[in-house]
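Take a look at the structure set out below.
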Amino acid sequence: MILTPNILARLVAIVIAGVILQLSFFSGVEIFGVSPNLLPAMVVVLGLLGGTMTGAVAGFSAGILVDCLLIAPLGGASLVLLGVGYLGGLFRERFEIHNSLVVPLICMALTLVAELGSGAVALLLGLDTAISSLVIRDILFKCLFAFLLGFPIYAGLRRLLRPALVDDLKARRGGGRPTVLGT
């Protein structure tokens, strides 16, 4: 990803809008008793589009903003989302995406990692939380919602960040075989 001041402003706006959408809208929506978590999928897609550094910085920024707005212990969400964004970017740098289902599947798998990581951080920090067998159901539904949200998030962010995408420049110039990221 080519970072210019305009693209940097777009990334900041995307992260702020994602956090505000998560805290104001998605946290109030309940489907099957579970509210979808937009942030891991958004951070994974930013990592897939921009690489490890973009994913990690976007994840940390979104996490620290969530922690500050929820008056939660600082660093828990930012640590988890930093790791998820980094893993999304690492996938982009190591593998090519040849199928349109790969992005939602990565969103689903890394949302599972984020939910398990959030639980581990909560336990390590000693937060008093009730643990029951319904936690597994909630995590699985959040992974399913991340799979379904992966399609529109990827399409929207790809459109917003199109001028900065290196793969898109290669496809427009006719260099190389286009992949799902490059089409």
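Numbers for the structure displayed
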item	result
Mean accessible surface per residue for the chain, computed with a 1.4 Å probe while every protein chain stays in place, in Å²	53 Å²
Distance from the stretch 32-98 to the stretch 112-171 (C-alpha centre basis), Å	7 Å
Amide H within-cut-off set for Ile97, under 5 Å, with H built and near neighbours excluded	Val180, Leu181
Under the span-like rule (Cα at least 15 Å along the axis, Kyte-Doolittle mean at least -0.5), DSSP H helices of the chain	5-21, 38-50, 52-70, 76-94, 102-125, 134-160
Distance in nm between pseudo-label sites at Leu123 and Arg10 (7 Å out along the Cβ direction from Cα)	4.1 nm
Positive-pole candidate from Asn99, Val44, Gly28, dipole of the chain, charges at beta carbon	Asn99
Charge sum, other residues only, whose C-beta stays under 13 Å from Asn37's C-beta, Lys/Arg counted +1 and Asp/Glu -1	-2
Extension reserve of the Asp138-Ile20 stretch, reckoned as 0.36 nm per residue once the Cα distance is removed	40.3 nm
Accessible carbon and sulfur surface of the chain relative to its total accessible area, %, 1.4 Å	70 percent
The chain: relative contact order as a whole-number percent, Cα under 8 Å and 6+ apart	25 percent
Taking the C-alpha atoms of the chain, convex hull volume expressed per residue in Å³	108 Å³
Net charge contributed by nearby residues that have their C-beta within less than 14 Å of Ile131 (K/R +1, D/E -1)	-2
Per-residue [θ]222 nm for the chain (sum of -39500 (n - 2.57) over DSSP H runs n ≥ 4, rounded to 500)	-23500 deg cm²/dmol
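The values are calculated or read from the model by the stated rules, or taken from the named source; none is laboratory data. Computed from a predicted model, the values in this text were never measured in an experiment. Every residue, glycine among them, receives a Cβ derived from its backbone with ideal geometry; neighbour counts consider all protein chains shown. Just the protein is used for accessible areas: all its heavy atoms, side chains included, with ligands, DNA and RNA removed. Shrake-Rupley method; radii C 1.70, N 1.55, O 1.52, S 1.80 Å.
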